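Read the figures in this text as sums done on the coordinates, not as results from a lab. Keep in mind that this is a model prediction, so the values were computed, not measured. With ideal geometry, Cβ positions are generated from the backbone for all residues, glycine too; neighbour counts draw on all protein chains shown.
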Amino acid sequence: MMDAAEIAQWVLRIALALAFIGMGVSHFVAAPARTMAAMIPPALRHKWMPSPTVLVTITGLCEVAGGLGLLWEPTRFIAGIALVLFLIAVFPANAYAAEHPERFGRVATPFWRRYFAQLLLITLCLLAAV
């Protein structure tokens, strides 16, 4: 029988999995995917980098895989760490959107709010990974 802490951790894992899978699936919907591609900062657009569209596809796959990985015990730890690295890697796109609210509207979460939300998500991923 699971104790309260184990139940809370499973609830956290399920909630994070659903959130990451949902966000990942949105990368394959045309309008949100175009917005996400536009959020990639110009400084990260190089000849040697995949196109913004390909990056959106890759990040969508990463979110779905990470969310699913949190639910399976053999992959839970590595999925949590991978999601932490993912959240760090995508932060420049969120920061770029925050700098351009006129272009990105609701997606352009103010920088500090997004920064602290990202830190919270990182913490939750680490808690879910163990």
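Quick look at the numbers
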read-out: The chain: angle of helix 111-129 to the longest principal axis, Cα-based, in degrees nearest 10; value: 30
read-out: Candidates per chymotrypsin sites (Phe, Trp or Tyr not before Pro) in segment 47-125, loop by DSSP, up to 12 other Cβ within 10 Å; value: TRP48, TRP72
read-out: Ranked list, fewest to most other Cβ atoms within 10 Å of each Cβ, for HIS27, HIS100, HIS46; value: HIS46, HIS100, HIS27
read-out: Acute angle (nearest 10 degrees) that the helix 73-99 long axis makes with the longest principal axis of the chain, alpha-carbon atoms; value: 30
read-out: Evaluated at q = 0.17, 0.24 Å⁻¹: base-10 log I(q)/I(0), Debye formula over Cα of segment 1-63; value: -0.64, -0.93
read-out: Residue exposure sequence - ARG13, ARG114, ARG103 - by fewest surrounding Cβ within 10 Å; value: ARG103, ARG114, ARG13
read-out: Area projected by the alpha carbon convex hull of the chain, averaged over all directions, nm²; value: 8.4
read-out: Per principal axis, descending, Cα span of segment 33-76 in whole Å; value: 38, 21, 13
read-out: Residue-span extension gain [THR53 to MET2] - 0.36 nm each, minus C-alpha spacing; value: 14.0 nm
read-out: Mean ellipticity per residue at 222 nm, deg cm²/dmol - from DSSP H runs of n ≥ 4 across the chain, formula -39500 (n - 2.57); value: -26500 deg cm²/dmol
read-out: From phi via Karplus (6.51, -1.76, 1.60), per-residue ³J(HN,Hα) for segment 22-39 in Hz, x at Gly/Pro; value: x, 5, x, 4, 4, 5, 10, 9, 3, 5, x, 5, 4, 5, 4, 4, 5, 6
read-out: Fewest-first sequence of ILE58, ILE40, ILE122, ILE81 by Cβ atoms within 10 Å of each Cβ; value: ILE58, ILE81, ILE122, ILE40
read-out: Value of relative contact order over segment 1-129, rounded to a whole percent, pairs C-alpha under 8 Å and six or more apart; value: 28
read-out: Spacing of the two label points (7 Å from each Cα toward its C-beta) at LEU85 and ALA19, in nm; value: 2.1
